[in-house]
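Take a look at the structure set out below.
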Amino acid sequence: MHKVNVLALILTLIIAVPAAMAQSSSCTSITPSNNTFTAALAGNGISGSPNGFGGVNFSLSGTQATVSARSLGLGNNITAITLFQGTPGSTTAVPVQTFSTSANGFSNGQFTGTMTLDQNLINQIQANPGNFFFVINTLQFPSGAVAGSLVPLRPQLLAGRISGANVQGGSNAGSGAFVFSIGPNNGTGSVPLNFDIATFALGDGFNSLSLIPTGGGAPLVILGTNTTANNGHIVGSTMIGNALAQQLLANPCSFTLSLSTPTFPNGAVAGALSAANEVFIPVAGSASGANGTHFQTDLNIFNNSTIGVTDQSATSQAFAEFFPTGGTNTASSVAAQSVNVLDIPARGTTLLRDVSSSLFSGDVSGIGALRIISAGNIFANARIYDNQIAAGRGTSGQSEPGMFRSQALQQGVLVGVGVENIPSGINLPSYRTNVGFFNPNDTATIIAVELRDSNGVVMSSRLITLGAWAQTQMPLTGTNGLFPDQLGNFATGSVYFLSGMPIFGYASIVDNVSGDASFVIPSSNP
C-alpha cells in the first residue's frame, strides 16, 4: 500500500456483541504496570553515539530488579549499563546502580542481569519512573554512548457498555460504550484517568459523568459536570489517587460508569467496568498507489462468544479507532466523525467492505492503523487489495492478521524484502516493498532499523522516531524511503528493527505489473 496524505482525524466505531462475551472477563483483574518498564536509549542529548541505539526492559519483583538490554550500532566494546536518577544529559544526574559486572557483561550486543535494590529506591522508581534513566557506556564513549528514561511498558485499559436498562427509570433508547486508560504515575501520588465515551440517543448535554459503586451509592469520582458531547462523543481526563487506581484495576466490575442528562437527572445510562481486550490492524484504509493501483481494506470481526448464545437484546460494546498515518495521535482526545452499531451473532462474523466508506462514510482517503477494543472476546483480520473491478480485472491482494497487544515487538526482523524495478517489456520479476510501523503506546519511541542483504551484510541503518499512536509507511528504498541512501535493485534481504516500546511492524511486497501483494509480519526472535 502506497503512503499518501490523509486527514488528521481519529474515528470512533461502536461494535455491539452479545453480553455472554463480556461475562467471562467482566471481573478479571489487571496486573498493575508499576513493576515493568522500558527505555529507548539514543545518543542525542548526551553527546553520545550518533548512530547507536539501545532498548531496555526493566522489571521489579520484590527487591529484585532485572534488566534485559539489546543494542544496535554500538559494536562489541560495551563496558557497562547503569541506572541513573535525574535527566539524561544533566550534570546533576546521579548513578544509582550499575548492573553489568566483570563476570556478566554484554554479549553480541545483548545483556541480562539481576540486582537487589534498596526498597526506598524501588518505591521512588514506581512513583516516578520518568525520573530514572539508563546509560550504556562503550570504550569510544566512556561517559555514555546512549541513554533513555524509563516509561511503563504498557497502558492499563478498562472498557464496558452503558445502557438505560442498567438504570431504574433510565433512558429506554440510550446506549453507548467507553474506554478508560489509567496512569502512569508521575510522582505526585495521583495518576491520570483518561476516558473516551460514545453515547447514542442521549443528545449532547450531560449533567454529570461519574464512577459509582456497582451496587449503588455516592459517586467515587466525578469525571465531568455540565458536559457537552461532540456528536455523542465525550473525551477527557481527570486525576485520581493511586489507591483508587489500584482498586479499579484489581476489581473493575465493582465500579460502574453512570451518566445523567437533563431529561434523566437521576441517571440515563450506566455500565460496569471490565478488563479490556484489544485487536490491532497495523495498516488499513484506502489509497491510490503506483502504476494505477487503488488499495482498499475489508475488515472481518469474529465474535468468539459461547456457542449457542442467541439473545441479541443483551449486548456489550467495543470501540474501534482509526489512527491516520503521518503524525502523532492521542487516544484520549479524539473527535468523532462517524459512529455505527453492528450486531455480531455468537460465533458469527461481520464483513465490512472498504472500511473507508462502510465505517467512516468516505471521510478517510488515506491509510492508518485500526484498534478494536472490547470487554469481550473478539478476533479480527483484514484483506488489503488492489481494486480493479471497474476495469474488469477484479481484485488482487493480501491477507492481514489482527494482532493482539501481546504480539507487539521490541525487536523483530522482516524477511524476504526486496526491490526489482525492471522496465516494462522485459520478462523478469518486477516488484517493490513498502515497510510500515505502528506505535500502540501513549509514549513516543525511537526505532533503530538495519537493512541487510542476502549475505547478511549491513547495507544501511538509521534511527526514526515514531510518535504516540502514530502509524508510518514508506517505500523500502529511494529518496522518500526507509533507507533513502539505497537506490539500486536487490532481489531479497531483511529489515531488522529494535524499538524502545513494543510496536507493530510489517512489510508489503507489491508486484509492479499486476498489483498483487504479499503481507509480511516480523519474526520475533531475530
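Here is how the numbers come out for the structure above:
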{"quantity": "Residue match in the range 427-446 (condition: buried (at least 18 other Cβ atoms within 10 Å of the Cβ), within 19 Å of the chain's Cα centre (by Cα) and charged (D, E, K, R))", "calculated": "yes"}
{"quantity": "Selection count where residues are surrounded by fewer than 21 Cβ atoms within 10 Å (Cβ to Cβ), touching a strand residue (DSSP E or B) at 6+ places or on another chain (Cβ under 9 Å) and in contact (Cβ under 8 Å) with a residue 40 or more places away in the chain, scope the range 166-180", "calculated": "1"}
{"quantity": "Count of residues meeting criterion [open to solvent by less than 30 Å² (accessible area, probe 1.4 Å), of a type in the set (A, V, I, L, M, F, W, C) and not in a strand (DSSP E or B)] in the range 209-250", "calculated": "4"}
{"quantity": "Qualifying positions in the range 114-143 - under 30 Å from the mean Cα position of the chain (by Cα), buried (at least 18 other Cβ atoms within 10 Å of the Cβ) and at pLDDT 95 or above", "calculated": "Phe132, Phe133, Phe134, Val135, Ile136"}
{"quantity": "Phe206 vs. criteria assigned to a strand (DSSP E or B), open to solvent by less than 20 Å² (accessible area, probe 1.4 Å), over 27 Å from Ser149 (Cβ atoms) and not charged (D, E, K, R)", "calculated": "yes"}
{"quantity": "Scan of the range 379-410 for residues that are within 30 Å of Ile162 (Cα to Cα), out of contact with any strand residue (DSSP E or B) (no Cβ under 6 Å at 6 or more places or on another chain) and in contact (Cβ under 8 Å) with a residue 40 or more places away in the chain, ordered by number", "calculated": "Phe404, Gln407"}
{"quantity": "The range 37-60 - residue that is in contact with a Gly (Cβ under 8 Å, 6 or more places away or on another chain) and under 14 Å from Gln110 (Cα atoms) and, of those, surrounded by the fewest Cβ atoms within 10 Å (Cβ to Cβ)", "calculated": "Gly52"}
{"quantity": "Considering residues of the range 254-313 that are of a type in the set (D, E, K, R) and either modelled with pLDDT of 90 or more or assigned to a loop (DSSP other than H, G, I, E, B) (or both) only, the residue surrounded by the most Cβ atoms within 10 Å (Cβ to Cβ)", "calculated": "Asp298"}
{"quantity": "Qualifying positions in the range 50-66 - more than 23 Å from the chain's Cα centre (by Cα), modelled with pLDDT of 95 or more and among the β-branched types (Val, Ile, Thr)", "calculated": "Thr66"}
{"quantity": "Residue that is farthest from the chain's Cα centre (by Cα), among those in the range 165-186 that are part of a loop (DSSP other than H, G, I, E, B) and polar (S, T, N, Q)", "calculated": "Gln168"}
{"quantity": "Members of the range 64-81 that are open to solvent by less than 70 Å² (accessible area, probe 1.4 Å) and in a loop (DSSP other than H, G, I, E, B)", "calculated": "Gly73, Leu74, Gly75"}
{"quantity": "Residues located in the range 181-203, provided they are open to solvent by less than 40 Å² (accessible area, probe 1.4 Å) and of a type in the set (Ser, Thr, Tyr)", "calculated": "Ser181, Ser190, Thr199"}
{"quantity": "Residue within the range 399-422 that is over 24 Å from the mean Cα position of the chain (by Cα) and either farther than 29 Å from Gly456 by Cβ or of a type in the set (Lys, Arg) (or both) present", "calculated": "no"}
{"quantity": "Unique match (being within 30 Å of Ala507 (Cβ to Cβ) and touching a strand residue (DSSP E or B) at 6+ places or on another chain (Cβ under 8 Å)) among Ser288, Ser258, Ser305", "calculated": "Ser288"}
{"quantity": "The range 148-157, subset open to solvent by 10 Å² or more (accessible area, probe 1.4 Å) and either aliphatic (A, V, I, L, M) or in a loop (DSSP other than H, G, I, E, B) (or both), residue modelled with the highest pLDDT", "calculated": "Val151"}
{"quantity": "Complete set of residues in the range 506-525 that are out of contact with any Phe, Trp or Tyr (no Cβ under 7 Å at 6 or more places or on another chain) and part of a strand (DSSP E or B)", "calculated": "Ala507, Ala517, Ser518, Ser523"}
{"quantity": "Whichever residue in the range 100-113 is touching a residue at least 24 places away in the same chain (Cβ under 8 Å) and within 31 Å of the chain's Cα centre (by Cα) and, among such residues, is surrounded by the most Cβ atoms within 10 Å (Cβ to Cβ)", "calculated": "Phe106"}
{"quantity": "Top-ranked residue in the range 362-381 [being in contact with a helix residue (DSSP H, G or I) (Cβ under 8 Å, 6 or more places away or on another chain) and surrounded by 17 or more Cβ atoms within 10 Å (Cβ to Cβ); ranked as modelled with the highest pLDDT]", "calculated": "Leu370"}
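The values are calculated or read from the model by the stated rules, or taken from the named source; none is laboratory data. Remember, it's a predicted structure, so these values are computed and weren't measured experimentally. Cβ atoms come from the backbone with ideal geometry, glycine included; neighbour counts cover every protein chain shown. When the accessible area is computed, the model is the full protein with side chains, heavy atoms only, and any ligands, DNA or RNA have been set aside. Shrake-Rupley method; radii C 1.70, N 1.55, O 1.52, S 1.80 Å.
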